[in-house]
Amino acid sequence: MIKNQKGFAHIAMVLAVIVVAAVGFTGWWVWRDNHKTKPAITSSSTPTSNISTVPATTQKYLTIKEWGVRMKLVSNISDIYYTVNGQDISLGLRSLDQLETKDGSSCQPDKNSVVLITKYNATEYQNFLKSSGYENNAIHIGNYYYWKTVADPPTPLCGYNSDGTLSTSANSKVQAEISAASTLEALPQ
């Protein structure tokens, strides 16, 4: 009995090519998804803003790259920015820069901050607690303690309408800014 197996070699070769192509395409697809270019948010002015969106959700964050931390944001404060001054960071809102002071003078960037965050190492923080008499309610991330100071009352210097009344939208944005400062967390690795 004679067996004719000439066609089997061709089928095996075609199957091998299909398997190699499928593995190669899958590898390329995974590589492409992991190396997609993300648009950078840059600012040429002194106040720094680095707002990012986590791909799996619509949650936005203000990333403080100098400290390796971030805070959760809500939509009405998507214009938040920060400025670094030594071991302090002042939070501001660009929309409040457009308002006025109570006496009617125009506002400058960095004049509407009601939240100041100070970064302490363990020794500095213990000394701060002893000298200030405050309770321990800083946010502890890694080797540092982050202390939030809120203006009293929490009203921005630049939060007034042209008629001298406090802007209601400014007040709600400031409350959201204060809440965001309480969500400080380490940047994901």
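Which of the pairs 65/173; 65/102; 130/173; 102/130; 72/130; 72/102 have their Cα atoms more than 28 Å apart in this structure?
In this structure, 65/102; 130/173; 102/130; 72/130; 72/102 exceed 28 Å between Cα atoms.
In whole Hz, what ³J(HN,Hα) sequence does region 83-93 give by Karplus (6.51, -1.76, 1.60; θ = phi - 60°), x for Gly and Pro?
10, 9, 9, x, 9, 10, 10, 9, 9, x, 10
Less than 14 Å Cβ to Cβ from residue 25, Lys/Arg counted +1 and Asp/Glu -1: what total charge do the surrounding residues give?
Summing Lys and Arg as +1 and Asp and Glu as -1 gives 0.
From the phi angles alone, apply the Karplus equation (6.51, -1.76, 1.60; θ = phi - 60°) to region 175-189 and give each ³J(HN,Hα) in whole Hz, x where the residue is Gly or Pro.
4, 5, 5, 5, 5, 4, 4, 7, 9, 3, 8, 5, 5, x, 7
Give the residues of region 81-101 whose amide nitrogen is closer than 20 Å to a point set 7 Å from the Cα of residue 131 in the direction of its Cβ.
Counting backbone N atoms under 20 Å from the label point, the list is 85-90.
Bear in mind these aren't lab numbers, they're just calculated from the coordinates by the rules spelled out. In this text the structure is predicted, and so the values were computed from the model without any measurement. Using ideal geometry, Cβ is built from the backbone for each residue, glycine included, and neighbour counts are taken over all protein chains shown.
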